[in-house]
Each structure stands twice: as structure tokens, then as C-alpha cells.
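Working notes, structure below.
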Amino acid sequence: MNYPIRIWFLFVLITVLFTVSCSAESSNPNKSTEAEKEMKSGPQPVFPHPEIDISLTQLKKLIDSEPVFVQETILARPQYFLELAQQFLDLPSWAGVLVDKDHPLPEEYAPDDLVLLSNYPLTLNRSDLRLSRVCMPSVLAMTEAARIDNIELVYSSAFRSYSYQQGLYERYVDRHGQKEADRFSARPGTSQHQLGTTIDFGSISPEFGDTPAGQWLRKEAWKYGFSLSYPEGEEKLTGYMFEIWHYRYITPSGTRLEREFFGGLQQHMLEFFHRHRNFLENQ
Ligand SMILES: [Zn+2]
């Protein structure tokens, strides 16, 4: 081989080796696992430029009656808090409305976009379950992610009308007495199920927490915007005993706010926005 041919041969060899190494990298199994993980983490919020125009002094004043841990976490990252808060406030009211023992929904309230879950690839405990269409993309994404992890999510209760809740509550009162019934059953109008964005999974009993599905939801549901409404040890705050099966859809912005600034407590977060919504929206 003369000198120019050897140079040309070397050049071709380097090009071939470079191409092979690039294609090996793109099919690297670890990389695709990362991509899958990213996809499985569910819909990600987009951060708009914050429109809430508020000074640090105003923010400090606004949160001065919040628990100390809430104040500290907000003041550690005020910009991030305001970005998420803006995003949450931009959502329709079903996402952030406070529905609890002191804040009932009107008797006639029912979402106008209810869909039958039996029309979707979901496992149901009864065929007449309905949810608001707004949470269906997240319901389907979460169910599919669980399936990939060999977990089957079973949907047991979803939308409940005011009158259905009335019948349910009255039956519990007859069986357990009013004081006990109030610990686990909502009086008509005060159930999050009337929103059409709340789900009870599996056996609707404490044992659900020990099942793979119960544990999976505990770890993963927030990524899809679902929040455990009545956590363990918070009966004084929420008004309800621990319900490991009951999740409300508050969107991924909501679950991020809840986790990062309100100690994972939906009630704290929703009370905060209930108190300050008007002020924040007018800034
Ligand atoms: Zn429930």
C-alpha cells in the first residue's frame, strides 16, 4: 500500500468505527430505560413566566399565618412557588376548590362532562362508574404505567351525586351511629366524589394499603396529579380517618405544590388557595 492509499484507508476505518460506536450508544439499554422512566413519570407541568407580581415582603405577609414549615419551604424558593401557584390558579375551579366538612358543594352541582369508565381499558368493580373527562388522560397514563410495573389498578368508586351520597351517608349512620359515620363518610355536598375527579381504588378498606396496587399508588400517583386526600394521622386536619384508597385529581401542578410546599398535605394546600385565591389572582 502506498502512502496516500494508507491515509485514505485509515480515514475510512476511523469513520466506520465512529459510526458503529454512535449507533451502539443510541441503542444503549440504560439510555432507553431512562427514557421510559421519563415517560412513566407522567405529564410534566410547563412553567410559564410568573404573572403574580408580588414582592417578597407581600409574600411573607401573605403566608405569616401558615404553619412554620410551610413558610420556610415557600421562602426557600419563592420564585418556584409563585410559578407553580400561577399555574394552579390558571386551572378551572374543579382543580383547586376546597370541598370538606365546612365547604360543601351546591346540591345541584355535577360536572357536565362525565364519561363512563366502562368505555375505557380500565378494570372496574362496577360497570356504572363515571368520572369527569378532564382527568381521563391522567387516569389512562397512570393505569398504563402501573401495568408496565405489573400492577393492576382496580377502580371501585368515582363520581357520586349529591343524592347518592345522601343515601350512602344515611345507611352508614343507621349502621354505625352519626359520630362514627362522620369519621369516614361525607355528609351530602361535602364529598370530594361529587367533583367527578375523585377515585376510590381496590377494596376501599385499610388492607388496600398492603397490596402492591396500594403501595404503587402511594409512590407514583402524584406524578399523574392524583393526591391522597386523607393521609394517616391527619384526621384532625382533614376531618377524616386515614383512607389509603381515596385519591383526588388536583393536576401535576397541584401535587407538586402539595409535596414541595405543604408537607404533602392536600388539605393545607387547598385551604391556602381558598384563603388567598382572590388576592393572588388580582396581583
Ligand atoms: Zn372516597
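May I ask you to verify whether SER138 is within 20 Å of the chain's Cα centre (by Cα) and at pLDDT below 95? Against the criterion (within 20 Å of the chain's Cα centre (by Cα) and at pLDDT below 95), SER138 does not qualify.
When ARG187 is tested against (1) outside any loop (DSSP other than H, G, I, E, B); (2) in contact with a Phe, Trp or Tyr (Cβ under 8 Å, 6 or more places away or on another chain); (3) within 15 Å of the ligand (Cβ to nearest atom), just one condition goes unmet, and that condition is (1). Candidates in the range 218-233 are the residues that are crowded, with 20+ Cβ neighbours inside 10 Å and without any contact (Cβ under 8 Å) to a residue 40 or more places away in the chain; of these, the one that is nearest to GLU180 (Cα to Cα) is TYR230.
Taking the range 240-276 as the range and being over 22 Å from GLN194 (Cα atoms) and in contact (Cβ under 8 Å) with a residue 60 or more places away in the chain as the test, the residues that pass are ARG256, LEU257, GLU260, PHE261, PHE262, GLY263, HIS276. Per the conditions (1) touching a Ser or Thr at 6+ places or on another chain (Cβ under 7 Å); (2) in contact (Cβ under 8 Å) with a residue 40 or more places away in the chain; (3) under 21 Å from ALA213 (Cβ atoms), the sole criterion not satisfied by LEU124 is (2). Would you check if THR251 is touching a Cys at 6+ places or on another chain (Cβ under 9 Å) and buried (at least 16 other Cβ atoms within 10 Å of the Cβ)? Here the answer is yes, as THR251 does meet what is asked. If you go through the range 157-210 and keep only what is out of contact with any strand residue (DSSP E or B) (no Cβ under 9 Å at 6 or more places or on another chain), among the hydroxyl-bearing types (Ser, Thr, Tyr) and over 21 Å from SER127 (Cα atoms), you end up with TYR169, TYR172, SER185. The residues listed here are TYR172, TYR155, TYR230; of these, the one that is within 13 Å of the ligand (Cβ to nearest atom) and assigned to a helix (DSSP H, G or I) is TYR172. Evaluated against (1) touching a residue at least 40 places away in the same chain (Cβ under 8 Å); (2) away from the ligand (no atom under 16 Å from the Cβ), CYS135 falls short on exactly one condition, (2). Condition first: buried (at least 22 other Cβ atoms within 10 Å of the Cβ) and of a type in the set (D, E, K, R). Now tell me which residues in the range 234-248 satisfy that. Correct list: ARG248 only.
Restricting attention to the range 190-211, the residues that are part of a helix (DSSP H, G or I) and within 15 Å of the ligand (Cβ to nearest atom) add up to 7.
When the range 60-77 is filtered for residues that are assigned to a helix (DSSP H, G or I) and either under 22 Å from the mean Cα position of the chain (by Cα) or not assigned by TED's automatic domain parsing to the domain that holds GLY264 (or both), the ones remaining, listed by number, are PHE69, VAL70, THR73, ILE74.
The values are calculated or read from the model by the stated rules, or taken from the named source; none is laboratory data. This one's a predicted model, so the numbers in the text were calculated from it and none came from an experiment. Note that each Cβ is placed from the backbone with ideal geometry, even for glycine, and that neighbours are counted across all protein chains shown.
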